[in-house]
Amino acid sequence: EYEDSCRSFYQFASSHKKLKVATRQIPGSVRLPKTLRSGLKIQDIQVHGQRREPDDKIYETHEKIRHLIARGNTLLSFRKDGEDHICFPLYGMKKFTGGMGDDDDQANGGDNTTWQKFFTQSSDTASHIIGTSKENGSAAHLTAIFVDGEYVLIGGSKNSHLICSLKHGEEDLRLYPDSPWKVAKIIMQAIFDLFKDMGEENTEKFLFLLANWHLTAIFEMLDPNDQHVELLTNPKPIVRFITFTSAWRGEQPQDNNLLCLYPIHAVKLAEAYNMPTITYEVVGLSPDKAQRDEAFASLQDRIRRDFGNEGQVLYFATEDDVVIGLLKKKTMWYIILRALREKYKLYQSFLHRKNTGKDTRFKSLEEQKNDLERLIKRRLAEIQKWLAFSDEYLQQWESIGLAGNEWVFQQLKNKKLNPDLLGNQFPVVWDNFLKETGRNDRIQ
């Protein structure tokens with residue numbers, strides 16, 4: 001019955017025009033238990049629209065995809081005793097979204113109602129909110145299965161996972177080519193580093209939990225070589241634990257944890273294994289609608305005005321500690337700084353086209369800079385409409401954003417800055433700008 005359910009999921013995914021199944025052969029020299037050696041394939045399933053259709057739009061308009069397709073779905077197929085088998089060990093977090101201005105790359109800022117579509121029941125039924133730190137990295141997953149007396153790990157990023165044994169895995173990571181496993185390899189190396197810090201006994205207990213309770217551990221991977229907006233100081237990639245999700249058990253799971261395990265329980269469990277975790281706070285919600293709305297508005301406002309971090313993920317939970325929905329809420333600092341990063345990255349594409357002999361919209365770097373001034377002003381004005389901050393706040397950000405544009409232009413003009421760093425090392429570039437010019441991006 002379980003395998004029939006897995007096949008049904010695979011059939012749905014492979015036949016849906018908005019989904020993509022990536023079937024990947026495992027390198028033959030990866031050392032795995034005998035049971036898994038024959039015909040082993042990993043099947044990663046992801047949302048995939050035509051003509052660059054955003055994932056968010058697909059999730060918003062397809063209820064069954066919202067219900068079934070997580071941000072990380074990995075099946076294994078293999079042959080045993082002459083028969084084909086399939087299992088579904090890794091099932092990530094279901095998609096969730098943000099309110100007005102909280103989702104990256106939205107042209108119109110979004111709205112304050114769509115996020116409710118991703119809830120399993122009305123947010124009005126929540127008795128409290130757990131606000132967790134929003135780590136500014138990349139999603140990472142790990143699960144384990146126990147085969148032929150040893151642990152086998154499946155882990156990686158949102159759309160690409162690999163398989164290796166606990167015993168040989170760290171050595172065998174090098175056997176996987178970078179395409180499509182580059183990020184998955186970095187994540188798994190960070191997880192093996194984590195296991196060393198946890199110690200052998202805690203690692204064994206943790207993997208026993210994953211394998212026997214059929215859980216996927218959800219982490220955020222913080223890679224100093226791929227920085228987004230927050231400045232990372234860790235010298236090598238690390239993972240930080242967020243929560244657990246349950247493995248696939250068919251379309252109608254037998255328990256109430258449809259989205260994830262209650263995060264406070266999950267974090268306390270991870271801490272017992274000596275694992276670094278997210279931080280959290282709990283905000284009670286009154287049955288009285290006016291008080292409830294006031295508490296929620298106060299929480300959102302406090303997050304918006306925070307500094308130096310991406311914001312929070314809000315878990316709405318019932319009195320029975322069941323998570324019924326999640327909501328991203330980002331700081332104004334992060335939203336604006338990310339918008340500036342996206343504008344400055346236009347220098348990167350301009351110089352790449354120019355250096356490879358392709359046509360460019362502007363003749364010179366200075367013309368590109370002048371156009372960026374216009375684009376920065378326009379984008380900040382759009383963000384002001386969504387977030388409703390004051391004209392004074394807008395003017396301060398406009399001043400620092402335009403000064404940053406001038407500084408980046410001068411650095412590029414004098415060949416003191418590699419334009420590629422505007423993409424994967426933007427926080428380092430921004431920090432250098434602040435230090436050299438004596439400016440401060442802590443704007444009240």
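When every Cα-Cα distance of the chain is counted in 20 angstrom steps from zero, the calculated P(r) takes the values 23, 54, 23, 1 percent.
Loop-located chymotrypsin sites (Phe, Trp or Tyr not before Pro) across region 288-347 with a Cβ neighbour count of 14 or fewer within 10 Å are PHE307, with loop assigned by DSSP.
Region 157-228 and region 376-406 have Cα centres lying 40 Å from one another.
Applying a DSSP loop filter and a limit of 16 other Cβ atoms within 10 Å to the GluC sites (Glu not before Pro) in region 291-387 leaves GLU319. Using the Karplus relation 6.51 cos²θ - 1.76 cosθ + 1.60 with θ = phi - 60°, the per-residue 3J(HN,Hα) values for region 381-391 come to 5, 5, 5, 4, 5, 6, 9, 6, 8, 6, 5 Hz, with x marking Gly and Pro.
Principal-axis analysis of the Cα atoms of the chain puts helix 332-355 at an angle of about 90° to the longest axis. Seen from LEU175, the other residues with C-beta closer than 15 Å to its C-beta sum to a net charge of +3, counting Lys and Arg as +1 and Asp and Glu as -1. Each of PHE241, PHE78 has some number of other Cβ atoms within 10 Å of its Cβ, and from fewest to most they run PHE78, PHE241. For the chain, the longest principal axis of the alpha carbon atoms and the long axis of helix 178-198 meet at an angle near 80°.
Read-outs throughout are calculated quantities, based only on the coordinates presented, and are distinct from any laboratory measurement. Keep in mind that this is a model prediction, so the values were computed, not measured. Backbone-built Cβ (ideal geometry, glycine too); neighbour counts: all protein chains shown.
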